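Peer 1: If you scroll down you'll find the structure; I have some questions about it.
The values are calculated or read from the model by the stated rules, or taken from the named source; none is laboratory data. Since the model is a prediction, treat every value here as computed from it, not as a measurement. For the accessible areas, the whole protein counts, side chains as well, though only heavy atoms, and no ligand, DNA or RNA atoms are used. Shrake-Rupley method; radii C 1.70, N 1.55, O 1.52, S 1.80 Å.
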Amino acid sequence: MPFGPTDPIFPGDKKSYNYLDLGFPNPVVGYVTQSSALLALLDEPFWFCLKAQPKREHLAATALRRQFHVECFSPRLRFRKMTQRGPVWFVEAMFPGYLFAKFVYSEQHRAVESSHGIRGIVHFGDRLATLSETIVVALQSRVGAEEVVTVDSSIKIGQPVQITEGPFQGLEVVVTHLLPAKERIRVLLEFLGRSLETEISTAKVLPA
């Protein structure tokens, strides 16, 4: 079955993001493998997919850049979600457990695979996972120099949201009207067996 636009780039990943909504092309397009025997004979660099320690993808990329001067790509997502402390901004890897690095396999693969935070090059038998230059450049153009994409958290009519502050904190309500000039929304809530409509600041809600 072919990958869909919300499938992770690697089938084993637990997380899935809708890359089309983020403005990215399908990341599987251009995804190929190369023979390790052939790569050992070539002196040109390729973009390889590397397996990294979870939650340390960005640190592993930084180590590769500093220690071996290897060009890396480790995009991240910035988003808000509710916690016990209230709404908090999080930054996580766009491809959890993976990053991409460009290097000459015959000259640098041992150093890269032994680098801090790297578990090895993703491979399928004797074939190594690579990405085309076109795909990487397209992704880089979207994320910018800081390699961070802020996920759109704009609120829409009919969307369920959770109130994060005030007497109705924790209550899930439905947005009925947008009041952009006031940076407020009107929501429908159930209270004491009655349906009530009230206004609330957009800063005090999060998507449910």
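Peer 1: Taking amide H atoms as placed 1.01 Å from N in the peptide plane, list the residues 5 or more away in sequence, or in a different chain, whose amide H sits under 5 Å from that of Glu165.
Peer 2: Those qualifying (amide H under 5 Å, at least 5 residues apart or on another chain) are Gly170.
Peer 1: Here is a further query. Rounded to the nearest 10 Å², what accessible area does Ser114 have for a 1.4 Å probe in the complete protein model?
Peer 2: Counting only protein heavy atoms, the figure is 90 Å².
Peer 1: So what is the accessible area of region 104-208 per residue, in Å², with the probe set to 1.4 Å? Show your work: numbers first, answer last.
Peer 2: Numbers: 6360 Å² over 105 residues.
Here the residues of region 104-208 average 61 Å² of exposed surface.
Peer 1: Taking the Cα atoms of region 60-208 alone, what are Rg (to one decimal) and Dmax (as a whole number) in Å?
Peer 2: Looking at region 60-208, its Cα Rg and Dmax stand at 22.4, 71 Å.
Peer 1: Quick one: how many lysine pairs does region 64-204 have with C-alpha atoms less than 19 Å apart and a gap of 8 or more or different chains? Give me the count, please.
Peer 2: Step by step, the pairs that qualify in region 64-204 add up to 5.
Peer 1: Continuing with the same structure: Out of the total accessible area of region 95-208 (probe 1.4 Å, heavy atoms of protein only), what percent is carbon and sulfur? Provide the component values of the computation, followed by the final result.
Peer 2: Numbers: 3380 of 6500 Å².
Roughly 52 percent of what the probe reaches on region 95-208 is carbon or sulfur.
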